[in-house]
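Okay, so here's the structure we're looking at.
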Amino acid sequence: MINETDFLIIGSGVSGLNFALKVADYGSVTIITKKDVQKSNTALAQGGVASVFGKTDSFELHVADTLASGGGLCKQDVVEMVVESGPDRIKALIDLGARFNMEYDADQKKTGILSMGQEGGHSRKRIVHAQDLTGREIETVLAKKAKQHKNIKILENYTAVNLITCSKAVKSGLVVRNHEICNIGAYVLNNDTGHVETYTAGITLLATGGAGKVYRYTSNPDIATGDGLAMAYRAGASVANLEFVQFHPTCLYHPEAKNFLISEAVRGEGAVLKDAFGREFMAKYSKDRELACRDVVARAIDTELKVSGEKSVFLDISHKDKDFIQNRFPNIYKKCLGYGIDITKEPIPVVPAAHYMCGGVATDLFGKTDISRLYAAGEVACTGLHGANRLASNSLLEALVYSERAANEAIREFQSIENYDAVEIQPWDESGTTDSDEAIVVSHNWDEIRSLMWNYVGIVRSDKRLSRALRRIENIQQEIDEYYWNFKVTSDLIELRNLALVAELIITSALKRKESRGLHFNIEYPQKDDKNWLKDTILKKRY
Ligand SMILES: Cc1cc2nc3c(=O)[nH]c(=O)nc-3n(C[C@H](O)[C@H](O)[C@H](O)COP(=O)(O)OP(=O)(O)OC[C@H]3O[C@@H](n4cnc5c(N)ncnc54)[C@H](O)[C@@H]3O)c2cc1C
């Protein structure tokens, strides 16, 4: 059976939901999401959304800070557009019901002025936040509205497997110049029945988020396996700048904590980094100390750990007033207390962890990929905003701005499509496959990829280690491929296959960049090479 929808959205984080709410007045919308609707990176975002408000800040300053962080690779027109769109996107969220922190006057009355947080790399306080649970606030408001909309159907516990495309020969005179690829839907695994269902759509949006799970240590939740990136690449879309993986400097180090982040805002409020002997060390690495850009702080911690052989460093905010800490960081305070760490009295053990993918599926200013009728927004996309290094809290901003622009463009494109379901679509073929009897292949390869990426393709890289990693990943992919075609697909197998491909693409991109820039640090080329540099690292599958 073929299911038809006008707009197919893969992912229910901020990008997918915001896009859905815009397009739903123009056609039927189906949102596919791997777990329940609010299980996303968005829901875990603590710090907030960067946006310019108030007299002491300006668009020019936010643009300058973003460009400085991006190491020369940001697209200036994109940066200006995103920064200038910020205040309207925040106001739209407030109109939908989002409650952000406000300033109080001397009588403890709300002033109507947004309270701004400080984060590394920002020259002004410009982070709009809802305590340290900003993402949860945004996700909850958007999910509630999406559930109420009569045109929006949300399918939870569904995993998109592959995009469905058709290709059209583009002729110039008598010569076929190229084949334009057009997206017409997706094959989707219903995790409850174990069967793959077919969805056709006028427009498809990839809003599948990041790929942090490709690394052994990550701040990302389990859904972040780079599925959208892998599906888009397999379908023939260009992907860009995948060597730029941001490692968050401060994830909680505790044997029972899987992926708990200690927000940058904690450093913004004055927390200091110390080694195991209580010595502060950031002054050795940057004049901005704890508020240097994330790559600088992550590399500093990595260096300290390699030299000392210790398992973690420590982040100390205990010198601040107890009430202030509890009110400003209620979530972090409670979570750490649950692990036996009272952050009002003692330092927090922290390590760096893979956090954010700056590269992704290449898009234009409207979120369009180079496959027609396929859009991408949010962390899965590479718009040119972040360049070689994302400035803190610019990602929720980017997701809000691009999902809005993509929606407007998608509505226009959808209304111009004629006969979009005229192409004959083959249903998913599972003949000849059986249920797997060797789940160990999946779990073993899963662990191997994540360790390999952590050890060879981590914060500090070398060509030698990258080449070794590439050889290993190619072998693993061969094994996964044999397995994939013989057994019925499961969500674990889909994710493993995607992780392996994303790992290969990150390594290949890293090998292409013969310099150190932004988040990509290679000991064999420790300097930026402004003469022979590569603007964007674009990869596209050849057929
Ligand atoms: C701990 C943490 C803290 C952060 N803090 C901040 C911050 O303070 N400020 C900031 O700007 N950014 C922050 N970020 C980054 C930011 O949260 C993300 O970049 C952003 O939320 C991504 O939104 P998204 O809509 O692109 O994807 P996500 O919110 O990650 O949503 C992805 C969705 O896609 C679905 N999905 C994925 N693959 C499939 C598939 N195959 N089939 C079906 N569904 C699929 C998932 O189930 C999920 O619903 C943080 C990230 C983390 C992990």
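The values are calculated or read from the model by the stated rules, or taken from the named source; none is laboratory data. Everything numeric in this text was worked out from a predicted model, so none of it was measured. Here the Cβ is made from the backbone with ideal geometry for all residues, glycine too, and neighbour counts use every protein chain on show.
At-a-glance table
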item: Filtered residue count, segment 345-367, keeping only those that are crowded, with 21+ Cβ neighbours inside 10 Å, without any contact (Cβ under 8 Å) to a residue 60 or more places away in the chain and more than 15 Å from the ligand (Cβ to nearest atom); result: 0
item: Number of the exception - Gln38 against (1) among the polar types (S, T, N, Q); (2) surrounded by fewer than 21 Cβ atoms within 10 Å (Cβ to Cβ); (3) more than 11 Å from the ligand (Cβ to nearest atom); result: (3)
item: Residue, farthest from Gly360 (Cα to Cα), within segment 215-266, restricted to residues that are basic (Lys, Arg) and out of contact with any strand residue (DSSP E or B) (no Cβ under 7 Å at 6 or more places or on another chain); result: Lys258
item: Top-ranked residue of segment 24-67 - restricted to ones that are among the hydroxyl-bearing types (Ser, Thr, Tyr) and at pLDDT below 95, ranked as nearest to the chain's Cα centre (by Cα); result: Ser40
item: Every residue from segment 196-211 that is in a strand (DSSP E or B) and among the aliphatic types (A, V, I, L, M); result: Val196, Ala201, Ile203, Leu205, Leu206
item: Counted residues, segment 177-219 - those being within 12 Å of the ligand (Cβ to nearest atom) and without any contact (Cβ under 8 Å) to a residue 24 or more places away in the chain; result: 0
item: Residue ID - nearest to Thr42 (Cα to Cα), chosen from residues in segment 101-127 that are assigned to a strand (DSSP E or B) and near the ligand (Cβ under 10 Å from one of its atoms); result: Ile127
item: Residue list for segment 432-458, filter: out of contact with any Leu (no Cβ under 7 Å at 6 or more places or on another chain), buried (at least 19 other Cβ atoms within 10 Å of the Cβ) and assigned to a loop (DSSP other than H, G, I, E, B); result: Gly458
item: Qualifying residue in segment 239-256 (condition: free of Cβ contacts under 8 Å to residues at least 40 places away in the same chain, within 13 Å of the ligand (Cβ to nearest atom) and either in a loop (DSSP other than H, G, I, E, B) or more than 23 Å from Asp447 (Cα to Cα) (or both)); result: no
item: Qualifying residue in segment 165-173 (condition: at pLDDT 90 or above, out of contact with any Phe, Trp or Tyr (no Cβ under 6 Å at 6 or more places or on another chain) and within 11 Å of the ligand (Cβ to nearest atom)); result: no
item: Qualifying residue in segment 326-344 (condition: surrounded by fewer than 24 Cβ atoms within 10 Å (Cβ to Cβ), more than 30 Å from Ala377 (Cβ to Cβ), away from the ligand (no atom under 16 Å from the Cβ) and of a type in the set (A, V, I, L, M, F, W, C)); result: yes
item: Tally, over segment 500-543, of residues that are among the aliphatic types (A, V, I, L, M), in a loop (DSSP other than H, G, I, E, B) and buried (at least 19 other Cβ atoms within 10 Å of the Cβ); result: 1
item: Condition met for Leu374 (under 22 Å from Gly121 (Cα atoms) and of a type outside the set (Asp, Glu)); result: no
item: Residues being crowded, with 18+ Cβ neighbours inside 10 Å, part of a loop (DSSP other than H, G, I, E, B) and within 24 Å of the chain's Cα centre (by Cα) - total across segment 258-290; result: 4
item: Members of segment 300-346 found to be in contact with a Lys or Arg (Cβ under 8 Å, 6 or more places away or on another chain) and part of a loop (DSSP other than H, G, I, E, B), listed by number; result: Ser318, Thr344
item: Subset of segment 389-431 (residues that are surrounded by fewer than 24 Cβ atoms within 10 Å (Cβ to Cβ), touching a strand residue (DSSP E or B) at 6+ places or on another chain (Cβ under 9 Å), within 30 Å of Met357 (Cβ to Cβ) and not charged (D, E, K, R)); result: Ile411, Phe414, Trp428
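Conditions (1) at positive phi; (2) under 24 Å from the mean Cα position of the chain (by Cα); (3) of a type outside the set (A, V, I, L, M, F, W, C), marked per residue:
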residue: Asn445; (1), (2), (3): no, yes, yes
residue: Ile449; (1), (2), (3): no, yes, no
residue: Gly458; (1), (2), (3): no, yes, yes
residue: Arg471; (1), (2), (3): no, no, yes
residue: Glu495; (1), (2), (3): no, yes, yes
residue: Leu499; (1), (2), (3): no, yes, no
residue: Ile506; (1), (2), (3): no, yes, no
residue: Lys514; (1), (2), (3): no, no, yes
residue: Lys528; (1), (2), (3): no, no, yes
